[in-house]
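Note sheet for the following structure.
All of the numbers you see were taken from the coordinates with simple rules; none came from a lab. The structure displayed is predicted, hence computed values, not measured ones. Using ideal geometry, Cβ is built from the backbone for each residue, glycine included, and neighbour counts are taken over all protein chains shown.
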Amino acid sequence: MDADEKAIVVYLRSYPGQFVSGREICRRAGGKWKFRENPEWAAPVLARMVERSIIESDATAHYRLIKKPDKKGPRKWVSPQIRRILEQSGKEFGEVIMPEDGDDDL
């Protein structure tokens, strides 16, 4: 990913699951000086990102990030002692929040 693509991804992460207009991406993602120099700077970058399946577009030229499928692998406990303490508490811990693995590519 080049710098423009990274700027767009960072901007779209602030709107998870929502479609954002291409004009708004041009205005907000690259900063005001980039927008003043070329108001349509993001159009070719957005087209390239749609082609590479990084983002998706709807019929009205609004864009959003494509959600990556959840990795459903075996879960491991931090330690057997913590597992025993949590099981003895009697509470259900089925809804565990896992950190995203895609943050390290920026």
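Things to note:
- At most 11 other Cβ within 10 Å, DSSP loop - trypsin sites (Lys or Arg not before Pro), segment 1-80: 52, 67, 71, 72, 75, 76
- Summing Lys and Arg as +1 and Asp and Glu as -1 over all other residues whose Cβ lies under 14 Å from the Cβ of residue 38 gives a net charge of +2.
- In plain terms, the chain is cut at each of the GluC sites (Glu not before Pro) found in a DSSP loop with at most 14 other Cβ atoms within 10 Å, and the longest leftover piece is 41-91.
- Here the relative contact order of the chain, from alpha carbon pairs under 8 Å that lie six or more residues apart, stands at 25 percent.
- Annotation for residue 66 and residue 6: the two label points, set 7 Å from Cα along the Cα-Cβ direction, are 2.2 nm apart.
- Pairwise FRET efficiency - residue 59 versus residue 82, Cβ, R0 = 35 Å, nearest 0.05: 0.10
- Label positions at residue 51 and residue 23, each projected 7 Å from the Cα along the C-beta direction, are separated by 2.6 nm.
- Identified option (computed P(r) over Cα pairs in 5 Å bins from 0, in percent; candidates [x] 2, 10, 18, 18, 12, 8, 7, 7, 6, 6, 3, 1, 0; [y] 3, 14, 27, 28, 20, 7, 1; [z] 2, 13, 23, 24, 17, 11, 6, 2, 1, 0): [x]
- In segment 36-89, chymotrypsin sites (Phe, Trp or Tyr not before Pro) in a DSSP loop with at most 13 other beta-carbon atoms within 10 Å: 77
- Under 5 Å from the amide H of residue 57 lies no amide H of any residue 5 or more positions distant or on a separate chain, with H modelled from the backbone and absent for Pro and chain starts.
- Residue 92-residue 75 pseudo-label distance in nm [points 7 Å out on the Cα-to-Cβ vector]: 1.3 nm
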